[in-house]
Every structure is written in C-alpha cells, then in structure tokens.
Amino acid sequence: MAQIEQVVKIQNQLGEAPMWSPAEQAVYWVDITEKKIFRYQTASGKVDTWQMDTPISSIGLRAKGGLIITTEKHFAFFNPQDGSLQPLSAVEEDKAGARMNDGKVDRQGRFWAGTMTNAAEKTSTLYRLDTDLSVHEMEHNIMVSNGPAWSPDGRTMYFADTRLWEIYAYDFDPASGAIANKRVFAHLPEDQGKPDGLTVDSEGCVWSAVNHGWRLARFDPQGKLMEEVQLPAEHPTSVIFGGANLDEMYVTSGAMWVAPEQIGSRPADGSLFRVVTGARGLPEAAFLG
C-alpha cells in the first residue's frame, strides 16, 4: 500500500520538474506559470522560493555548483546562493508561442530538454546541450516534450509526448549521445489522462505522472502497466526519486486546470507530494559543463 503525504501544501499553477539534490537532501521544483523556483529541505521542512523574471521549466544538478535550467527560450545556469541567472544558448526565439519544457541530465553529463507550443501541430523539438555548451537538435515532430529518463544500463531513453498520449523508447548510445529506433513504449487511453513527466526506478520500470488522471502509472521495461498509485490531486505533472535511500518519490502537480469555483474544495491540487511504494530510484547525474 502506497504511503502518500502532501509535504508542501501550495497551489502551484503549474508545478513541474522536481529534482532531488543529495548534497542538500532537498527537492527543487518550479511553478512555470508563476515564474518561481522552489526548494524543499526535507529535514527541516523549510521551503525556499526564488521569484524569476522568466518562466523556468526544468532543472538539473550541475557538477560545478548550482543548477542547469531551462527558461522560456534559453538554457541557463542558476545559482541558488545569490539567485543569479546566466543565460546560455537560445532556442526557437522567433517561433511564436514556443517555450522550453521538461528536461534531464543523462549519465554522461549532457542536458536534454524539449520545447512545446499550444498549437495542434507537431512543431516542437528535443535538444541536447553538451558539456562544451553546444546545442544539438535530436528529435523533431513533437507536440509537448516531457521526460526524458534512462534505463539502468543507460542503453534506452524514454521520452513522452504528452499531447499524443504516448511514451516512446529510443536506443541510446551513451558515448555519442545519439538516439535511434524510436518506438511506442506505452500509450494511455485518451479518456484516462496524459503521460507527463517521468522517471525510471532501479528495476528499470518507468513511472509516469498521469496528468488529468489522478495517479502515477508504473510500466515494466516492456511497457506493460504494472501498478497505479492514486493521488489526491487530479493533475500530477512529474515525479523524481529522492530521500537518503532514493526510496521516496516526489510528485509535483498543477492547479491551473481546476475551475475557480472548485479551488476551495480542491486544496491538494498544485501541492508537492511524497509517495513511498517500496520502489527505489537511480541517482540523478549532474551536468558536466
């Protein structure tokens, strides 16, 4: 039986991108709509907040200190010590309505992040930021980028296109960072929610936050649904393993889809949750640039 705790009671409009910091024993996450970065320190329960001038959509650890993040149109470095932001390369600056979305660091220290628009066309792209800060276009014809995450052996990359209700698997070359052999890993029924952010556990199973679906879904390495964990929020957005033993999942959620007249009766929407199921995660790598 899963243990579920609402650890930060907050109504994020679009809570996203949880990232565990082992050094700090803390969870970072963002509210994209409200342009905020948060940090929850698990020992004390303290929550730190940074108000930014631009939407922040994803977070990764950085080996040299601080974080690698994506803003609306840029990769960037963020320093939690002084709140400073250092923009790096820009993407899709001239594309109306486009913004960066979810991202993660692979085990070779490269940062992957994709874009999205609100259009009904596959016009977005998945990018790879290498340690020399060069940017590479890795996949096209995407609607809404979410993920990615990697199998325990590092040979498979998982990536969700939320508006297509699908999670994909790719063959992944750790040395070069190349991806190939795209195939559908899992497809969610369109009336049961959409696959949003995801992570991989130590058994190679994929955990997906099912937005509009009130739950987390766990798939085995072949894409078969193994279990579901019901949540008190309708719109979970992403999930990451944390805790001293990587046996806790931290789940972000959003309140932006909740009707104004329902907000008072839906206090869990937008909160940060801790979920314990017995599954354990894999350590998240740090960006080496």
* Asked: Taking interchain pairs and intrachain pairs at least six residues apart, which have beta carbon atoms under 6 angstrom, with the first residue in region 10-21 and of a type in the set (D, E) and the second surrounded by 21 or more Cβ atoms within 10 Å (Cβ to Cβ)?
  -> E16/V30; E16/I32; E16/T237; E16/S238; E16/T252
* Asked: Which members of region 201-210 meet the condition of being in contact with a Ser or Thr (Cβ under 8 Å, 6 or more places away or on another chain) and either of a type in the set (A, V, I, L, M, F, W, C) or free of Cβ contacts under 8 Å to residues at least 12 places away in the same chain (or both)?
  -> V206, W207, A209
* Asked: Name the residues in region 145-154 that are hydroxyl-bearing (S, T, Y) and either crowded, with 22+ Cβ neighbours inside 10 Å or in a strand (DSSP E or B) (or both), would you?
  -> S145
* Structure fact -> Selection from region 105-136 of residues hydrophobic (A, V, I, L, M, F, W, C) and under 17 Å from the mean Cα position of the chain (by Cα) yields V105, F111, W112, A113, M116, L126, L129
* Structure fact -> Checked T125, T131 against criteria (on the phi < 0 side of the Ramachandran plot and touching an Asp or Glu at 6+ places or on another chain (Cβ under 9 Å)); the one match is T125
* To do: With the condition kept exactly as written, say whether any residue in region 128-139 is out of contact with any helix residue (DSSP H, G or I) (no Cβ under 9 Å at 6 or more places or on another chain), surrounded by 15 or more Cβ atoms within 10 Å (Cβ to Cβ), of a type outside the set (D, E, K, R) and not in a strand (DSSP E or B).
  => no
* Answer yes or no: is there a residue in region 255-268 that is surrounded by 18 or more Cβ atoms within 10 Å (Cβ to Cβ) and closer than 16 Å to V8 by Cβ. => yes
* Asked: Does K182 satisfy being outside any strand (DSSP E or B), in contact with a strand residue (DSSP E or B) (Cβ under 6 Å, 6 or more places away or on another chain) and of a type outside the set (A, V, I, L, M, F, W, C)?
  -> no
* To do: Considering only region 185-200, state which residues are touching a strand residue (DSSP E or B) at 6+ places or on another chain (Cβ under 6 Å) and either without any contact (Cβ under 8 Å) to a residue 24 or more places away in the chain or farther than 29 Å from V275 by Cα (or both).
  => H187, G193
* Asked: Are any residues in region 155-179 closer than 17 Å to E137 by Cα, of a type in the set (A, V, I, L, M) and assigned to a strand (DSSP E or B), and if so, which ones?
  -> M157, A160, I179
* **Only one of Y127, Y168 that is of a type outside the set (A, V, I, L, M, F, W, C) and more than 18 Å from Q108 (Cβ to Cβ)** => Y168
* Enumerate the pairs (first residue in region 68-87 and more than 12 Å from P55 (Cβ to Cβ); second residue anywhere and of a type in the set (D, E) and surrounded by 13 or more Cβ atoms within 10 Å (Cβ to Cβ)) with beta-carbon separation below 7 Å, excluding pairs fewer than 6 apart on the same chain, so at least 6 apart or on different chains. => none
* Asked: All but one of (1) over 21 Å from V105 (Cα atoms); (2) modelled with pLDDT of 95 or more; (3) outside any loop (DSSP other than H, G, I, E, B) hold for Q192; which doesn't?
  -> (3)
* When you go through I142, I179 one by one, which is the residue that is modelled with pLDDT of 95 or more, over 25 Å from T277 (Cβ atoms), surrounded by 22 or more Cβ atoms within 10 Å (Cβ to Cβ) and not hydroxyl-bearing (S, T, Y)? -> I142
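The values are calculated or read from the model by the stated rules, or taken from the named source; none is laboratory data. Note that this is a predicted model, so its numbers are computed, not measured. Neighbour counts are summed over all protein chains in view; Cβ atoms, including those assigned to glycine, are modelled from backbone coordinates with ideal geometry.
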